[in-house]
1. Report the FRET efficiency, 1/(1 + (r/R0)^6), for Glu272 and Arg70, where r is their Cβ-Cβ distance and R0 is 41 Å, rounded to 0.05.
2. Could you tally the net charge around Ala142, taking each other residue with its Cβ under 13 Å from the Cβ of Ala142, Lys/Arg +1 and Asp/Glu -1?
3. Nearest 10 degrees is fine. How inclined is helix 135-147 to the longest principal axis of the chain, computing both from alpha carbons?
4. Provide Ser188, Ser172 in ascending order of the number of other Cβ atoms located within 10 Å of each residue's Cβ, fewest first.
5. Helix-only mean residue ellipticity at 222 nm, the chain, DSSP H runs n ≥ 4 weighted -39,500 (n - 2.57), per residue, nearest 500. What is it?
6. Test of understanding: ordering Met44, Met119, Met12, Met1 by Cβ neighbours within 10 Å, fewest first, what list do you get?
7. Note the angle between two axes, namely the Cα long axis of helix 91-101 and the longest principal axis of the Cα atoms of the chain, as a number of degrees from 0 to 90, rounded to the nearest 10.
8. Can you run phi through the Karplus equation (6.51, -1.76, 1.60; θ = phi - 60°) for region 36-51 and list ³J(HN,Hα) in whole Hz, with x for Gly and Pro?
Amino acid sequence: MIKVKNLVFDYMTKRALHGLSFEIEKGSIVALIGPNGAGKTTLMRCLAGLVKPFSGEIFINDINVPEDSRNAHRHISYLSDVFGLYDNLTARQCLRYAALAFDIPTAEIDGRIAETAEMLNLTEHLDTYAGNLSRGLRQRLAIALGIIHKPEFIILDEPASGLDPEARLELSKLFVALKEKGHTLLISSHILAELEDYATAVIVLNAGRIVKYEKFDGSAVNVRQDARINIAVRVKGSTEQLIQFLEEDNSTGEVSSDGTYVRACVFGQENELAALLRRLIAAEIKVIEFKIEKNSLKTAYFETLKEGE
């Protein structure tokens, strides 16, 4: 569990982070998105223990990151958007160096290298010089260097930047595999469509403030009073009665139809969905299908920024 409370970070001429508070559950993949200058990289560097905030708390389990960053680094991996490799060393030598730096016992290093290389599909490239690897393989090696000590919390800043579509797909699969092994990931990216494929929650940051923190199951982590759930309803026969009902119902809005499904947003939490369905049945509307529709992350992102203007 990662807990952040009242986090403030100042540069000399401006405040970059304004009292952020949030929690990240173990084993989740949280997408961190926002416009340039929103404070994403600053937040990540604070979480990684690379810079000390002006005030506030960051805990990874029971470790106070700002006050005990050396100990925290044993539990954290951070890959910035710009990373360097030792091009004159082989991938195996790079991994051995990282293992030694993390004080992995010598007797365990070869096994740890083999395990990490297999996880990142680097086994056949272990004896290739880092400088001769493709962009995608270099990215994988950089991630391998950061997880060879089996950190609980992995922070990745624009990891898919500059990769071709095939390499980005492989990277997405890797993130899911890391999650399934119990790692917690925080990933910043501008490729919103791909974040939807693997992220379990999203933090939208704008001007150093969290404007939205929401799980992708539709439940708002920051307990927004104006929570919205998108639904699609299919009925037997004409949709006219259903459309009229939803347009007049106080709990729904933005009603539309494509001829098969009638879509609307429901204002409230899941209990409001159950109440709405009961009202539809009481009104003798012949409901065949009633489902929640997942919001497009791209749509949600721009709607959230617009709300904050």
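1. Plugging the Cβ-Cβ distance into 1/(1 + (r/R0)^6) gives 0.25.
2. It works out to a net charge of -1.
3. Long axis of 135-147 versus the principal axis of the chain: about 80 degrees.
4. The order, fewest Cβ neighbours first, is Ser172, Ser188.
5. Helix contribution divided over all residues of the chain: -10500 deg cm²/dmol.
6. Met12, Met1, Met119, Met44
7. 90
8. Couplings: 4, x, 6, x, 4, 5, 4, 4, 4, 5, 5, 5, 7, x, 8, 10 Hz.
Read the figures in this text as sums done on the coordinates, not as results from a lab. Everything numeric in this text was worked out from a predicted model, so none of it was measured. So basically every Cβ, Gly included, is an ideal-geometry build from the backbone, and we count neighbours across all protein chains shown.
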